[in-house]
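Asks: Dumping the structure here so I can ask a few things about it.
The values are calculated or read from the model by the stated rules, or taken from the named source; none is laboratory data. All values reported here derive from a predicted model rather than from experimental measurement. Every residue, glycine as well, gets a Cβ built from its backbone with ideal geometry; the counts of neighbours run over all protein chains shown. Heads up: the accessible areas ignore ligands, DNA and RNA and are worked out on the full protein's heavy atoms, side chains in. Shrake-Rupley method; radii C 1.70, N 1.55, O 1.52, S 1.80 Å.
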Amino acid sequence: MENLREKTKNELDVITNNLVIFTNKLEENKINYFLDNGALLGMYRDKNLISWDPDIELSFREDDFIKNKDKIYEIIKKLKFNIIRYDDKNTKIDLQKDFDWKIIKYTLKVWKLNSNKNFFYRKNFKVPSIFFNTSSKISCFNKNFSCPNNLEEYLTYIYGDWKVPIK
C-alpha cells in the first residue's frame, strides 16, 4: 500500500503550481484533458488537493491523446517532468517532478471509446460516455480546469458517497 501521509503546505503549494503550469501548457496547445479521480474530487469538494492523495490524475480521450501525443511529450520535457513509468498496454504515464514519486506522482491516463460509443474504458474500468463526450469546468486555485460533464453524477458514479472525506 502506498504511503498516504499528509503533505506539508509547502509540498501542496509546489504540487499545485506544477499542476497549474502543466494544464496551462495543455490549454495553450489546445489539448483536451480533464481532471480525474482524487484531484478532481478534492478540487471540487474541498477547493484544494487532498493532502494524502498519492497522485494527481489527468485524463484524455484516446482520440485527443493520439492526435497530440508528440505535443504532450514536448510539454513533459520542456517543463522538466520525469517519466517514471509508461504502461503502453493501458496507456498510462506516471510523471515525477520536485519530489520523490512516493510523495506525489502525476498520472496521465487515456480512455478508449467502445465500438457502440456508449462508454469509455481503460483497464478494468468503464464510464458511461455521457461524462466524457463533452467537458465542463471547475474553478480552483484562480484557474478554470477541465473536468467531466455532469460532475456530481460522475463523482457519484466513481465514488458513491463522495461528499464526506474518507482517508
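Asks: Whole number in Å², please: accessible area per residue of the chain, 1.4 Å probe, ligands, DNA and RNA not counted.
Replies: 55 Å²
Asks: Continuing with the same structure: Normalising by the residue count of the chain, find the relative contact order in percent from Cα pairs under 8 Å and 6+ residues apart.
Replies: 22 percent
Asks: Which residue fluctuates most in the GNM of the chain (Cα springs below 10 Å): Tyr157, Tyr33, Tyr44?
Replies: Tyr157
Asks: Separation between the Tyr121 and Phe141 pseudo-spin-labels, each 7 Å from Cα along Cα→Cβ, expressed in nm?
Replies: 3.3 nm
Asks: What order do you get for 120-131, 11-22 when each peptide is scored by the mean count of other beta carbon atoms within 10 Å, highest first?
Replies: Final packing ranking: 11-22, 120-131.
Asks: Given that just one value was derived from the coordinates, which of (1) 37, 15, 13; (2) 22, 20, 15; (3) 37, 19, 17 is semi-axes √(5λ) of the Cα gyration tensor in Å?
Replies: Identified label for the calculated read-out: (2).
Asks: Taking H placed 1.01 Å from N in the peptide plane, check which residues at least 5 places from Cys140 or on another chain put their amide H under 5 Å from its amide H.
Replies: Correct list: Phe145.
Asks: Another question, then. At a 1.4 Å probe, what is the % contribution of carbon and sulfur to the accessible area of the chain?
Replies: 49 percent
Asks: Rounded to whole Å and sorted largest first, what semi-axes of the equivalent ellipsoid does the C-alpha gyration tensor of region 104-160 yield via the square root of 5 times each eigenvalue?
Replies: Sorted largest first and rounded, they come to 21, 14, 12 Å.
Asks: Next question. Quick check: from the Cα gyration tensor, does region 72-139 come out rounded (a/c under 1.5), prolate or oblate?
Replies: Cα axes put region 72-139 in the prolate bin.
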